[in-house]
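Every read-out reported here was derived from the displayed coordinates using simple, explicitly stated rules and does not represent laboratory data. Everything quoted here is computed from the prediction, not taken from an experiment. Glycine gets a Cβ as well: all are built from the backbone with ideal geometry, and neighbour counts include every protein chain shown.
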Amino acid sequence: MKTVLVSGCNGFIGQNLVKKLTNEFKVIGIDNLVSSSRANLVNLNKLKNFNFIEQDIIYLEQIDDKIDYIFNLACPASPPKYQSKPIFTLETNFIGTHNLLKLAKKNNAILIQASTSEVYGDPEVHPQVETYKGNVNTIGKRSCYDEGKRVAETLCYEYRKNYNIKAKIVRIFNTYGPGMDSKDGRVISNFMVNTINKTPLVIYGDGSQTRSFCFIDDMVEALIQCMHIDFDFPINLGNENEISLNELVDIFNKTFGINKTKYIESVEDDPKIRKPDISRAKKILNWEPRTNIKDGLEQTYNYFKKTI
Ligand SMILES: NC(=O)c1ccc[n+]([C@@H]2O[C@H](COP(=O)([O-])OP(=O)(O)OC[C@H]3O[C@@H](n4cnc5c(N)ncnc54)[C@H](O)[C@@H]3O)[C@@H](O)[C@H]2O)c1
């Protein structure tokens, strides 16, 4: 049985990915629990073929098992969380990613790097295609994450070029679903908490900003597909169905009943538009999302209802 190491295994995407991987692989999960709850571990530790190591990838210790694949998901993804630890976020992306690339080199393992749509910053090209180089602020509140993820991509590129390591970069766009943290701070989890607590849906800005939301099961399917197909350029993973936050409010109202809305000041460097061009993913990975937003939101709502 082949072994997969998943850093950030206890986070939102990590937990969902590990659950799927353990059907087929031995999985070693690494997490320092900086942006996820220890309570998640109860479910993970019940999985067969799963071993957990509580560790920070910045200070990665020796791993003796033979590793065949590495998913590098470790990094706080929610803006309030990474903004509260900016230097740590930079170190995770640079030193932590470098440590995992060294491990990949030692084991001749395949490494899949979870990059982000945030490498495009506040984009001037729409939809965002992988060849677009981005519009990122190096000295803003979001820079530790955006620039951290950009340098992590460069490390993967150099390891592939210099050491022939099969390091593959995927640029993940907004993903949602069961397993999200209710204190995540991003729009879907905020709206879920508002809906369940019957408090107004809070919108930063005028709600005209757009996002494209991908359901977690679709994202996990794409990530697993990346294990088996090699590619030497970044691939966008996300849903092409772009909606404004005002349209998202309408979907919430139609699906979960009418709620009030509250508009507050927009946040610094918040991207105004966000939509992936997923032509590469369709062609190379033979993948595209299948879950429509209403079904995905209902599954997410059922999860939040149980956990809040
Ligand atoms: N969720 C999304 O919509 C989204 C979008 C784009 C990119 N991504 C990327 O996908 C990955 C997973 O995202 P997520 O939503 O599951 O985030 P998350 O914050 O829920 O999970 C990240 C996990 O990594 C762990 N972690 C952070 N720094 C670490 C370190 N130095 N050492 C060990 N563990 C560490 C955290 O404790 C957490 O469990 C992240 O790298 C994120 O940047 C996610």
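Around the Cα centre of the chain, unit charges on the Cβ atoms of Lys, Arg, Asp and Glu (plus for the first two, minus for the last two) sum to a dipole of about 600 debye.
Taking every alpha-carbon pair under 8 Å whose residues sit at least 6 apart, region 1-53 reaches a relative contact order of 40 percent. Per the Debye formula on identical point scatterers at the alpha carbon atoms of the chain, with no solvent, log10 I(q)/I(0) at q = 0.07, 0.11, 0.12, 0.16 Å⁻¹ is -0.25, -0.64, -0.77, -1.43. Between Ser266 and Asp250, the contour length at 0.36 nm per residue exceeds the Cα-Cα span by 3.8 nm.
What are the DSSP H helices in the chain that stretch 30 Å or more along their long axis, judged by alpha-carbon atoms, and whose average Kyte-Doolittle hydropathy comes to at least 0.5?
Counting only whole DSSP H runs, no helix qualifies.
Expressed as a fraction of 2.2 N^0.38 Å, the C-alpha radius of gyration for region 181-231 is 1.59. Ordering His98, His126, His228 by the number of other Cβ atoms within 10 Å of each residue's own Cβ, fewest first, gives His228, His126, His98.
Using the average count of surrounding beta-carbon atoms within 10 Å as a protection proxy, the listed peptides 182-192, 197-207, 159-169, 2-12 rank, highest first, as 2-12, 182-192, 159-169, 197-207.
For the chain, the longest piece that avoids every one of the GluC sites (Glu not before Pro) found in DSSP loops with at most 16 other C-beta atoms within 10 Å covers 125-264.
Across q = 0.24, 0.26, 0.29 Å⁻¹, region 135-205 modelled as identical point scatterers on its alpha-carbon atoms has Debye log10 I(q)/I(0) values of -1.06, -1.11, -1.19, in the order of the q list.
Pairs from the table (Lys85/Lys133; Lys102/Lys168; Lys81/Lys166; Lys85/Lys106; Lys133/Lys275; Lys26/Lys166) lying more than 22 angstrom apart at Cα are Lys85/Lys133; Lys81/Lys166; Lys85/Lys106. Summary value for the chain: 18 percent relative contact order, contacts being C-alpha pairs under 8 angstrom separated by 6+ residues.
DSSP finds beta bridges in the chain, and of those with both partners inside it, around 10 percent are antiparallel.
Entry note, the chain: the mean residue ellipticity at 222 nm calculated from DSSP H runs of n ≥ 4, each adding -39500 (n - 2.57), is -11000 deg cm²/dmol after division by the residues and rounding to the nearest 500.
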